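Scroll down for the structure; my scribbles are underneath it.
The values are calculated or read from the model by the stated rules, or taken from the named source; none is laboratory data. No experiment lies behind these values; they were computed from the predicted model shown. Using ideal geometry, Cβ is built from the backbone for each residue, glycine included, and neighbour counts are taken over all protein chains shown.
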Amino acid sequence: MEMIDFRKYQGLGNDFIVIDARKYSANTVSKFKRIDNKLIRKLCDRNFGIGADGLIIAFDPIENGDILMKIYNSDGSEAEMCGNGIRCLIKCLMDSNDKQINNNLVVETKAGYIQASIKDSQITVNMGCPITDPTKIPTLLQIGKHGIPHGKLTLGEKQINLYSVGMGNPHAIIHVEDLTKVPLSTWGPLLEKHELFPSNTNVHFVEVINREYLKMIVWERGCGPTLACGTGACASLVVTAFIGMCDYTTEVELPGGSLHVSCKSLVSPVFMTGPAKFIFSGQIKIVSL
């Protein structure tokens, strides 16, 4: 039975358990790399575990990055990337006085290299270029006139315009006139596992307040409703801007707070700026990894 240190962080209310595997023996590190999804679900359980939207484990980099991040949803599935999660990891490393961390760093993720910079309490992440190739998102939606996968879908008695963009992970975006009228608990899981998305998808409902201000709510793949989604905010800006409904730099308000998001084109990087905050730390006994 081994004692494992953890720290818990949140980015706009999107909360994560962070474990730095680099401090443990090679044998323990190899076990962390094969962590069981039942254990992940137990750790993230809000009644019987620590409680979180996801688990982040930091490893030594494999190639040219400063650190390797693996991130898991609360249902035990592995995610490619997470905008709020990467800010939480960076904040954790800063708080730990990690000597390898400076104001500019590169994080290795399943979605590729992610660059981040730190200024005061804000962390800016270069989220990379949006993915619009349907086969790479992946989605069965086809490219529409704006260069973004698009289709129409009937939910209940309502027909919606559905867009999809990848930010290292898949996203579905639906524009609505009033977020308060969205039946998130019904539409969210229906779209998450819809046949149009072979790998399932994150789901975002977006209300355009003005050209520089969007509001959105989130149904996160593998988690359900969450207070924020950084990659989702980026995907929502991309879609909304390139169909002409907002500017290329906007504030995106989520239930847990706001992010500043900007992009220039469908083939240029999306930049996301926001905070991450420490919640608490502790130790857990893990019988087996």
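In contact with a Lys or Arg (Cβ under 7 Å, 6 or more places away or on another chain) and under 24 Å from Ser185 (Cβ atoms): does that describe Glu207? Judged against the criteria, Glu207 is a match. Every test in (1) in a loop (DSSP other than H, G, I, E, B); (2) over 20 Å from Met81 (Cα atoms); (3) of a type in the set (A, V, I, L, M) is passed by Ile137 save one, and that test is (2).
What about Thr201, is it β-branched (Val, Ile, Thr), in contact with a helix residue (DSSP H, G or I) (Cβ under 7 Å, 6 or more places away or on another chain) and under 22 Å from Gly11 (Cα atoms)? Against the criterion (β-branched (Val, Ile, Thr), in contact with a helix residue (DSSP H, G or I) (Cβ under 7 Å, 6 or more places away or on another chain) and under 22 Å from Gly11 (Cα atoms)), Thr201 qualifies.
For Val206, state whether it is among the β-branched types (Val, Ile, Thr), crowded, with 21+ Cβ neighbours inside 10 Å and assigned to a helix (DSSP H, G or I). No, not satisfied.
Restricting segment 99-118 to residues that are in a loop (DSSP other than H, G, I, E, B) and without any contact (Cβ under 8 Å) to a residue 24 or more places away in the chain, the residue that is farthest from the chain's Cα centre (by Cα) is Lys99.
Considering segment 119-134, the residues that are assigned to a loop (DSSP other than H, G, I, E, B) and hydroxyl-bearing (Ser, Thr, Tyr) include one that is nearest to Ser258 (Cα to Cα), namely Ser121. Scanning segment 160-192 for residues that are more than 22 Å from Ala79 (Cβ to Cβ) and outside any loop (DSSP other than H, G, I, E, B) gives Ile160, Asn161, His175, Leu179, Thr180, Lys181, Thr186. Filter segment 47-91 for residues that are without any contact (Cβ under 8 Å) to a residue 40 or more places away in the chain, of a type in the set (D, E, K, R) and either within 24 Å of Thr201 (Cβ to Cβ) or buried (at least 23 other Cβ atoms within 10 Å of the Cβ) (or both) and give the result. The answer is Glu78, and nothing else.
Scan segment 221-230 and tell me whether some residue there is part of a helix (DSSP H, G or I) and either crowded, with 22+ Cβ neighbours inside 10 Å or on the phi > 0 side of the Ramachandran plot (or both). Before the answer, list the steps.
Applying the first criterion (part of a helix (DSSP H, G or I)) to segment 221-230 yields 230.
Still in the list and also either crowded, with 22+ Cβ neighbours inside 10 Å or on the phi > 0 side of the Ramachandran plot (or both): 230.
Taking every residue of segment 221-230 in turn, at least one turns out to be part of a helix (DSSP H, G or I) and either crowded, with 22+ Cβ neighbours inside 10 Å or on the phi > 0 side of the Ramachandran plot (or both).
A quick yes/no check of all residues on (1) out of contact with any Lys or Arg (no Cβ under 8 Å at 6 or more places or on another chain); (2) crowded, with 17+ Cβ neighbours inside 10 Å; (3) modelled with pLDDT of 95 or more:
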{"position": "Val218", "(1), (2), (3)": "yes, yes, yes"}
{"position": "Val239", "(1), (2), (3)": "yes, yes, yes"}
{"position": "Met272", "(1), (2), (3)": "yes, yes, yes"}
{"position": "Lys277", "(1), (2), (3)": "no, no, yes"}
{"position": "Val287", "(1), (2), (3)": "yes, no, no"}
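Against the numbered list (1) surrounded by fewer than 18 Cβ atoms within 10 Å (Cβ to Cβ); (2) at pLDDT 95 or above; (3) aromatic (Phe, Trp, Tyr), Tyr9 comes up short only at (1).
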